[in-house]
Amino acid sequence: MYERGEDGWYAIGAMAEVFGARACRGIELEGVKIGLFLVDDEVHALDDICTHGAALLSNGEFEGHEVECPLHAGLVDVRTGRALSAPITRDTRHHETRIEADVLYVRLQA
Ligand code: FES
């Protein structure tokens, strides 16, 4: 359970605790599944449910700045949420993140 600050930012935790051996993981913020992806010391947060189906992007193959959906292998750019290849045609919602004193914060977009 993550606590929401008055300004809408959720404190997710210390970076070392959020990301272990894997550079991506899924969390849930007030019922919304969010995928967190680490790219060059920056964290990108996307809706975790693929816009094509019911798979979780954070369970996919993640390399560089692209994640491959585990169900039909569509590609998403985690830096923007942009759909990169079929069968994914709709972009994925991208959320704000910031790292402060090594703690990751996420704020959901409307
Ligand atoms: S569910 Fe993700 S590509 Fe089909």
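A few notes on this one:
- Restricting GLU42, GLU3, GLU28 to residues that are surrounded by fewer than 14 Cβ atoms within 10 Å (Cβ to Cβ) and in contact with a Ser or Thr (Cβ under 8 Å, 6 or more places away or on another chain) narrows the list to GLU42.
- Residue within region 44-53 that is more than 14 Å from the ligand (Cβ to nearest atom) and of a type in the set (Ser, Thr, Tyr) present: no
- Tabulated pairs, region 36-53, first in contact (Cβ under 8 Å) with a residue 12 or more places away in the chain and of a type in the set (Phe, Trp, Tyr), second open to solvent by less than 10 Å² (accessible area, probe 1.4 Å) and within 11 Å of the ligand (Cβ to nearest atom), C-beta under 9 angstrom, 6+ apart or interchain: PHE37/LEU57; PHE37/VAL67
Residue-by-condition table, conditions (1) away from the ligand (no atom under 11 Å from the Cβ); (2) assigned to a loop (DSSP other than H, G, I, E, B); (3) modelled with pLDDT of 95 or more:
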site	(1), (2), (3)
GLU6	yes, yes, no
ALA16	yes, no, no
LYS33	yes, no, yes
LEU36	yes, no, yes
VAL67	no, no, yes
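- Region 54-94: number of residues that are open to solvent by 70 Å² or more (accessible area, probe 1.4 Å) and either among the hydrophobic types (A, V, I, L, M, F, W, C) or in contact (Cβ under 8 Å) with a residue 60 or more places away in the chain (or both): 3
- Boolean, THR97 is within 24 Å of GLY13 (Cβ to Cβ), in a loop (DSSP other than H, G, I, E, B) and open to solvent by less than 70 Å² (accessible area, probe 1.4 Å): no
- Set side by side, the residues ASP77, ASP41 differ, and just one is more than 12 Å from the ligand (Cβ to nearest atom) and modelled with pLDDT under 95, which is ASP41.
- Verdict on SER58 being within 16 Å of the ligand (Cβ to nearest atom), hydroxyl-bearing (Ser, Thr, Tyr), touching a Gly at 6+ places or on another chain (Cβ under 7 Å) and closer than 20 Å to ALA16 by Cβ: yes
The values are calculated or read from the model by the stated rules, or taken from the named source; none is laboratory data. These numbers come from a predicted model, not from an experiment. Note that we place each Cβ from the backbone using ideal geometry, even for glycine, and neighbour counts take in every protein chain shown. The protein model used for the area step is the full one, side chains on, heavy atoms only, and it has no ligands, DNA or RNA in it. Shrake-Rupley method; radii C 1.70, N 1.55, O 1.52, S 1.80 Å.
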